[in-house]
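Single-structure report; data block below.
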Amino acid sequence: QVQLVESGGGLVQAGASLRLSCAASGRTFGNYHMGWFRQAPGKEREFVAAIRRSSSIYYADSVKGRFTISRDNAQNTVYLQMNSLKPEDAAVYYCAATDRSGTYSSVGFYVYWGQGTQVTVSS
(Lines give C-alpha, C1' and ligand atoms only; values in the text may rest on other atoms or scores of the structure.)
Protein backbone atom coordinates (compact mmCIF):
# COMPACT_ATOMS: atom_id res chain seq x y z
CA GLN A 1 0.00 0.00 0.00
CA VAL A 2 1.06 3.57 -0.67
CA GLN A 3 -0.59 6.82 0.38
CA LEU A 4 -0.35 9.83 -1.95
CA VAL A 5 -0.93 13.48 -1.06
CA GLU A 6 -0.95 16.18 -3.76
CA SER A 7 -0.24 19.85 -3.17
CA GLY A 8 0.60 23.01 -5.09
CA GLY A 9 -2.64 23.76 -6.91
CA GLY A 10 -4.11 27.23 -7.06
CA LEU A 11 -5.49 30.04 -9.18
CA VAL A 12 -3.23 31.56 -11.84
CA GLN A 13 -3.55 33.61 -14.99
CA ALA A 14 -3.05 32.11 -18.43
CA GLY A 15 0.64 31.91 -19.24
CA ALA A 16 1.70 31.45 -15.62
CA SER A 17 3.36 28.44 -14.00
CA LEU A 18 2.60 26.08 -11.14
CA ARG A 19 4.48 23.17 -9.65
CA LEU A 20 2.45 20.32 -8.24
CA SER A 21 3.93 17.91 -5.73
CA CYS A 22 2.84 14.43 -4.71
CA ALA A 23 4.27 13.01 -1.50
CA ALA A 24 4.18 9.24 -1.11
CA SER A 25 4.47 7.00 1.92
CA GLY A 26 6.61 3.91 2.31
CA ARG A 27 10.16 2.78 1.65
CA THR A 28 9.53 1.32 -1.80
CA PHE A 29 8.61 4.49 -3.74
CA GLY A 30 11.40 3.85 -6.21
CA ASN A 31 9.72 0.62 -7.28
CA TYR A 32 6.52 2.36 -8.43
CA HIS A 33 5.49 3.82 -11.73
CA MET A 34 3.94 7.26 -11.18
CA GLY A 35 1.41 9.23 -13.17
CA TRP A 36 -0.46 12.52 -13.22
CA PHE A 37 -4.06 12.73 -14.41
CA ARG A 38 -6.59 15.55 -14.47
CA GLN A 39 -10.35 15.79 -14.47
CA ALA A 40 -12.42 18.82 -15.43
CA PRO A 41 -16.10 19.14 -14.46
CA GLY A 42 -18.30 16.90 -16.58
CA LYS A 43 -15.33 15.18 -18.23
CA GLU A 44 -13.54 11.89 -17.76
CA ARG A 45 -10.22 11.69 -16.00
CA GLU A 46 -7.46 12.08 -18.59
CA PHE A 47 -3.80 11.22 -18.71
CA VAL A 48 -1.29 14.06 -18.33
CA ALA A 49 2.16 12.59 -17.71
CA ALA A 50 3.89 9.50 -16.37
CA ILE A 51 7.31 8.47 -15.15
CA ARG A 52 8.19 4.82 -14.80
CA ARG A 53 10.48 3.36 -12.16
CA SER A 54 13.07 3.12 -14.93
CA SER A 55 12.68 6.93 -15.28
CA SER A 56 11.14 6.69 -18.75
CA ILE A 57 8.84 9.69 -19.23
CA TYR A 58 5.64 10.11 -21.25
CA TYR A 59 3.33 13.08 -21.87
CA ALA A 60 -0.09 13.68 -23.32
CA ASP A 61 0.12 15.57 -26.60
CA SER A 62 -1.88 18.43 -25.07
CA VAL A 63 0.84 19.21 -22.51
CA LYS A 64 4.01 18.18 -24.32
CA GLY A 65 6.55 20.98 -24.31
CA ARG A 66 4.80 22.80 -21.45
CA PHE A 67 4.70 20.31 -18.55
CA THR A 68 7.56 18.38 -16.98
CA ILE A 69 7.24 15.35 -14.72
CA SER A 70 10.06 14.36 -12.40
CA ARG A 71 10.65 12.25 -9.31
CA ASP A 72 12.91 12.35 -6.30
CA ASN A 73 13.03 8.82 -4.94
CA ALA A 74 15.04 9.87 -1.88
CA GLN A 75 12.20 12.22 -0.92
CA ASN A 76 9.38 9.91 -2.04
CA THR A 77 7.99 12.71 -4.19
CA VAL A 78 6.86 13.16 -7.77
CA TYR A 79 6.46 16.62 -9.32
CA LEU A 80 4.58 18.16 -12.20
CA GLN A 81 6.00 21.47 -13.37
CA MET A 82 3.34 23.24 -15.43
CA ASN A 83 4.38 26.18 -17.60
CA SER A 84 2.45 28.33 -20.07
CA LEU A 85 -0.83 27.34 -18.48
CA LYS A 86 -3.98 27.63 -20.56
CA PRO A 87 -7.62 27.89 -19.44
CA GLU A 88 -8.18 24.38 -20.80
CA ASP A 89 -5.63 23.08 -18.28
CA ALA A 90 -8.01 23.91 -15.42
CA ALA A 91 -8.97 20.73 -13.60
CA VAL A 92 -8.44 18.72 -10.46
CA TYR A 93 -5.03 17.09 -10.80
CA TYR A 94 -4.42 13.64 -9.34
CA CYS A 95 -1.23 11.70 -8.84
CA ALA A 96 -1.28 7.93 -9.06
CA ALA A 97 1.03 4.99 -8.44
CA THR A 98 1.31 1.36 -9.46
CA ASP A 99 3.76 -1.51 -9.51
CA ARG A 100 1.76 -3.42 -12.11
CA SER A 101 2.61 -3.90 -15.73
CA GLY A 102 0.39 -2.08 -18.20
CA THR A 103 -0.20 1.04 -20.27
CA TYR A 104 1.13 4.23 -18.73
CA SER A 105 -1.72 6.41 -20.04
CA SER A 106 -4.57 4.22 -18.78
CA VAL A 107 -6.44 5.01 -15.57
CA GLY A 108 -6.75 1.26 -15.02
CA PHE A 109 -2.96 0.88 -14.89
CA TYR A 110 -2.81 2.68 -11.54
CA VAL A 111 -3.76 1.21 -8.19
CA TYR A 112 -3.21 4.09 -5.74
CA TRP A 113 -4.57 7.62 -6.09
CA GLY A 114 -4.25 10.87 -4.21
CA GLN A 115 -7.21 13.07 -3.33
CA GLY A 116 -6.42 15.68 -5.97
CA THR A 117 -5.45 19.35 -6.04
CA GLN A 118 -7.41 22.06 -7.86
CA VAL A 119 -5.80 24.07 -10.65
CA THR A 120 -7.71 27.08 -11.97
CA VAL A 121 -6.48 29.14 -14.92
CA SER A 122 -8.08 32.47 -15.79
CA SER A 123 -7.79 34.10 -19.20
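At-a-glance table
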{"read-out": "Karplus-derived 3J(HN,Hα), 6.51/-1.76/1.60, for each residue of the range 102-116, Hz, glycine and proline x", "value": "x, 9, 4, 8, 9, 4, x, 5, 9, 9, 10, 9, x, 7, x"}
{"read-out": "DSSP-assigned coil residues among GluC sites (Glu not before Pro) in the range 1-81, each with at most 15 further Cβ atoms within 10 Å", "value": "Glu44"}
{"read-out": "With all protein chains modelled, accessible area of Ile57 [1.4 Å, Å²]", "value": "80"}
{"read-out": "Asp99 - accessible surface, heavy atoms, 1.4 Å probe, Å² rounded to 10", "value": "90"}
{"read-out": "Cα-based Rg / Dmax (Å) for the chain", "value": "13.4, 42"}
{"read-out": "Heavy atoms of Arg19: accessible area, 1.4 Å probe, square angstrom to 10", "value": "130"}
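The values are calculated or read from the model by the stated rules, or taken from the named source; none is laboratory data. No experiment lies behind these values; they were computed from the predicted model shown. With ideal geometry, Cβ positions are generated from the backbone for all residues, glycine too; neighbour counts draw on all protein chains shown. Ligands, DNA and RNA are excluded from the accessible area calculation, which covers all protein heavy atoms including side chains. Shrake-Rupley method; radii C 1.70, N 1.55, O 1.52, S 1.80 Å.
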